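K.L.:
After the structure tokens below, expect a handful of questions from me.
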Amino acid sequence: MAKQEIAEAFIKAGTLTDSLTDKALKNPQLAGMQMADEFVQNVNQFVTEGINHGADCDAISLKAKQKTEQAFPTDKDMKGQPFSPAAQRAMGKFPEAISHYALAQCRYLTE
């Protein structure tokens, strides 16, 4: 479920920021899941490292969100142009989705 949330965040943000490739536009659901798969691998590693260094799940989830917010600003594109309010909301869902996934994965690994 959390992985699907990441995929949906990618699709919405990509659509509203006009950043989906032609290939992704032909099958946005597949493109979203492929992007989510790539991110999940990195998040899984991040979560595992956090657990192994003694961090609790809430701290790991918060740190994942913060790192994602730094990597993907929600207000401007790479050219410095401001996003529309709808695009800003969509971009803001991505760090939340990463945070939710990190928390779920951490809880799964530590239960």
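K.L.:
Mind checking the dipole of the chain: about its Cα centre, +1 per Lys or Arg Cβ, -1 per Asp or Glu Cβ, Debye to the nearest 20?
P.N.:
Working: 12 positive and 14 negative charges, 50 e Å.
Around 240 debye, computed over the chain.
K.L.:
Starting from the 7 Å offset along Cα-to-Cβ, what nm value, one decimal, do you get for the label separation of HIS53 and ASP37?
P.N.:
Label at HIS53, label at ASP37, 2.9 nm between them.
K.L.:
A further question follows. Which distance in nm do the two modelled labels at GLN66 and ASN44 give, with both placed 7 Å along the Cα-to-Cβ direction?
P.N.:
2.6 nm
K.L.:
Next question, about the same structure. May I ask you to work out the translational diffusion coefficient for the chain at 20 °C, viscosity 1.002 mPa s, via Stokes-Einstein with Rh from the Kirkwood sum over Cα pairs, reported in whole µm²/s?
P.N.:
Values: Rh = 14.3 Å.
The calculation lands on 150 µm²/s.
K.L.:
Follow-up question, since we're still on this one. Okay, helix-only estimate at 222 nm for the chain: each DSSP H run of n ≥ 4 adds -39500 (n - 2.57), divide by all residues, round to 500 deg cm²/dmol; what do you get?
P.N.:
Values: 5 runs with 86 residues, N = 111.
Theoretical 222 nm ellipticity from helices: -26000 deg cm²/dmol.
K.L.:
Hey, what do the phi angles of region 3-15 turn into as Karplus ³J(HN,Hα) couplings, whole Hz, using 6.51/-1.76/1.60 and θ = phi - 60°, x for Gly and Pro?
P.N.:
5, 5, 4, 5, 4, 5, 4, 4, 4, 5, 5, x, 5
K.L.:
LYS93: which aspartates and glutamates have alpha carbons under 15 Å from its alpha carbon, excluding same-chain residues fewer than 8 sequence positions away?
P.N.:
The reachable aspartates and glutamates, counting only those whose Cα sits under 15 Å from LYS93, are GLU5, GLU8, GLU69, ASP75.
K.L.:
As I understand it, the value is the acute angle between the Cα axis of helix 28-52 and the longest principal axis of the Cα atoms of the chain; what does it come to in degrees, rounded to 10?
P.N.:
It is inclined by approximately 30 degrees.
K.L.:
Still on this structure, please answer the following. Can you tell which of GLN66, PHE39, LEU16 lies farthest toward the positive end of the dipole of region 1-103, using +1 and -1 charges on the Cβ of basic and acidic side chains (Lys, Arg; Asp, Glu)?
P.N.:
Positive-end residue among those listed: LEU16.
Throughout, read-outs are computed from the coordinates displayed, never taken from laboratory work. Just so you know, these numbers come straight off a predicted model, no measurement behind them. Note that each Cβ is placed from the backbone with ideal geometry, even for glycine, and that neighbours are counted across all protein chains shown.
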